[in-house]
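Please read the structure below before turning to the comments.
The values are calculated or read from the model by the stated rules, or taken from the named source; none is laboratory data. Computed from a predicted model, the values in this text were never measured in an experiment. Here the Cβ positions follow ideal geometry from the backbone for every residue, glycine too, while neighbour counts run over all protein chains shown. The accessibility values were calculated without ligands, DNA or RNA, using every heavy atom of the protein model including side chains. Shrake-Rupley method; radii C 1.70, N 1.55, O 1.52, S 1.80 Å.
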2 protein chains.
Amino acid sequence: MTAQARYRLIAEELRAAVRQGEYRDGGRLPSEEGLAQQYGVSRGTVRQALAVLRAEGTVTSRRGTRRVALESPPLHDFAELLSFSRWARSQGLEPGSRTVRQEWHPAGPEEAAQLRLPQGAQLFRVVRLRLLDGRPAMVERTAYPQAVGELVAPLPADTFSVTEQLERVGVLLTDADHTVDLTVADPQDAELLGCAPGAALLRERRRTTDPAGAPVEWSEDRYLPGVMAFTVHSSRAVPGLGRHSADGP
Amino acid sequence: MTAQARYRLIAEELRAAVRQGEYRDGGRLPSEEGLAQQYGVSRGTVRQALAVLRAEGTVTSRRGTRRVALESPPLHDFAELLSFSRWARSQGLEPGSRTVRQEWHPAGPEEAAQLRLPQGAQLFRVVRLRLLDGRPAMVERTAYPQAVGELVAPLPADTFSVTEQLERVGVLLTDADHTVDLTVADPQDAELLGCAPGAALLRERRRTTDPAGAPVEWSEDRYLPGVMAFTVHSSRAVPGLGRHSADGP
DNA sequence: TAGTGGTCTAGACCACAGC
DNA sequence: CTGTGGTCTAGACCACTAT
């Protein structure tokens, strides 16, 4: 919630106003010049705030006319995207976690490519069963490069949010690439989730990197149907979402 | 490809340089001041260009150190996200389309909510079977509000890209909200796609809006497994992706 | 301490929408 | 034509990283 920069504060205020329907009559916001005077800042600062809202999908923008308020889905913290536990709590659900297995293991081809390590490099693999309100919801298979693995390995097996622990130790997660598609339950999935082998699961694969661009984790999460959905806003101005051929990239 | 603004040209050049591994030795880009001199523009313009690349996931940024080039998945046009045909062609696949049914119909509750129309308002419904290289790939059920429907209705039934046609008539699509999850084939899906009823399908629901924020289409697309995957980049700086409880929002 | 990106200002001109 | 957002400039100061 803390946001020092003026433009972030202004963005928060405007976002709240838009969500509360402040500008619902036609949906048009005040002009940039008007907002600048209202907040006592320069137009540039107002534009920075509005750029945030445009990227979120909270407002549109178009040369010649005032900005328009959009109805948009509720926002999620970046952190909620990386941490199952944080996400669950934000949804009012009780997260649970059971570590099924963890081990040091040489990197396979996919892991090596995703973590940008030579094949066979030592990495730390963890398989966890994630629960929502006590019921199995997702199987998570994560691989950490050696340096990160050495921080993860000593954590108690029932650690809820590894992500939060990593942040506490100073590992910063700033960017992630996600791929979402469909897969089928293998025998281990089936046993852990309590579904039939071969049953369809929603799959998210994710590579997370730190500010230096170095991969911090590579994870494949498999959700039971009906548990979770991904949402994303895309706009001509700010791309980001993509549609790819199966199993890519 | 055309990009008038200087910062867009600079962004394109830098993107190309990064993708070609220009800055791979450690991955650090020149300083903003350096780039400004190199391109003969002010630092502000360079920063605009870099903001584009940061939002894409092409570079990171962090106070105190130079920017770092990220390995990131290939980019997709916003247009490719909205148009199945355009996307297919960009993947080197031959798109096909068969209109299964189209009709004027009063809006149901979901349609009304998504298109922000009163329940029972007339809208134009279209069901299409989409093909890739001649094989069934996806079933698309789209609803258009009346004004848009009147533009879509007269199009020939085998029109490949309705989206492209709409743009040609001056309908601008600028923003979209996507929800991705898993569903099961109903009898119509099964017949069209040639799968078993009850088989799992990857589902994308999408509301597209114009620059004024008015909904232009509401669509539910159901893909056969193995045909398609969604990718998205998320970062602490530029949120956008979300994870939601099932069936929401 | 030097270099870098983050924030903010004050002004200018342009392209486009809508009257 | 007027008002609006889009682009660009030239400068300033600050917060942070790395040495």
Any residue that is open to solvent by less than 40 Å² (accessible area, probe 1.4 Å) and away from DNA strand D (no atom under 11 Å from the Cβ) - is there at least one of those in segment A:30-38? no
Would it be correct to say that A:E103 is out of contact with any Pro (no Cβ under 8 Å at 6 or more places or on another chain) and part of a helix (DSSP H, G or I)? no
Looking only at residues that are in a loop (DSSP other than H, G, I, E, B), open to solvent by 30 Å² or more (accessible area, probe 1.4 Å) and under 24 Å from A:P73 (Cα atoms) in segment B:187-225, which one is modelled with the lowest pLDDT? B:A212
Quick check, is A:R101 outside the structural domain of A:L9 (by TED's automatic domain parsing), open to solvent by 60 Å² or more (accessible area, probe 1.4 Å) and within 17 Å of the chain's Cα centre (by Cα)? no
Restricting the first residue to segment B:130-141 and requiring it to be free of Cβ contacts under 8 Å to residues at least 24 places away in the same chain, which pairs with a second residue that is not hydrophobic (A, V, I, L, M, F, W, C) and not in a loop (DSSP other than H, G, I, E, B) meet a Cβ separation below 9 Å and a spacing of at least six or different chains? B:R135/B:G96
Residue count, segment B:154-180, condition out of contact with any Pro (no Cβ under 9 Å at 6 or more places or on another chain), open to solvent by 30 Å² or more (accessible area, probe 1.4 Å) and not β-branched (V, I, T), comes to 10
Hey, can you tell me all the residues within segment A:81-98 that are open to solvent by 30 Å² or more (accessible area, probe 1.4 Å) and either at the interface with chain B (Cβ under 7 Å from one of its Cβ atoms) or in contact (Cβ under 8 Å) with a residue 60 or more places away in the chain (or both)? A:R86, A:Q91, A:R98
So which of B:L151, B:L155, B:L182, B:L193 ends up being in contact (Cβ under 8 Å) with a residue 24 or more places away in the chain and in the same structural domain as B:A88 (by TED's automatic domain parsing)? B:L193
Quick check on my filter: what residues within segment A:56-72 are within 13 Å of DNA strand C (Cβ to nearest atom), open to solvent by 20 Å² or more (accessible area, probe 1.4 Å) and in contact (Cβ under 8 Å) with a residue 40 or more places away in the chain? A:S61
In segment B:27-83, what residues are in a helix (DSSP H, G or I), under 30 Å from B:R207 (Cα atoms) and of a type in the set (V, I, T)? B:V52
Extreme residue, farthest from the chain's Cα centre (by Cα), among residues of segment A:138-178 that are part of a helix (DSSP H, G or I) and over 20 Å from A:Q114 (Cα atoms): A:R168
Given (1) of a type in the set (G, A, S); (2) away from DNA strand D (no atom under 16 Å from the Cβ); (3) surrounded by 13 or more Cβ atoms within 10 Å (Cβ to Cβ); (4) more than 10 Å from every other protein chain (Cβ to nearest Cβ), identify the lone condition not met by A:A16. (3)
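Please indicate, with yes or no, whether at least one residue in segment B:231-238 is within 10 Å of chain A (Cβ to nearest Cβ) and either out of contact with any helix residue (DSSP H, G or I) (no Cβ under 8 Å at 6 or more places or on another chain) or modelled with pLDDT of 95 or more (or both). Give the derivation first.
So the first thing to find is which residues in segment B:231-238 are within 10 Å of chain A (Cβ to nearest Cβ), and the list is B:231-238.
From what's left, either out of contact with any helix residue (DSSP H, G or I) (no Cβ under 8 Å at 6 or more places or on another chain) or modelled with pLDDT of 95 or more (or both): B:231-232.
Looking through segment B:231-238, at least one residue is within 10 Å of chain A (Cβ to nearest Cβ) and either out of contact with any helix residue (DSSP H, G or I) (no Cβ under 8 Å at 6 or more places or on another chain) or modelled with pLDDT of 95 or more (or both).
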Between residues in segment B:22-43 that are away from every other protein chain (no Cβ under 14 Å) and more than 13 Å from DNA strand C (Cβ to nearest atom) and residues that are open to solvent by less than 100 Å² (accessible area, probe 1.4 Å) and in a helix (DSSP H, G or I), which pairs lie under 8 Å by C-beta distance while being six or more apart or on different chains? B:Y39/B:I10; B:Y39/B:T45; B:Y39/B:V46
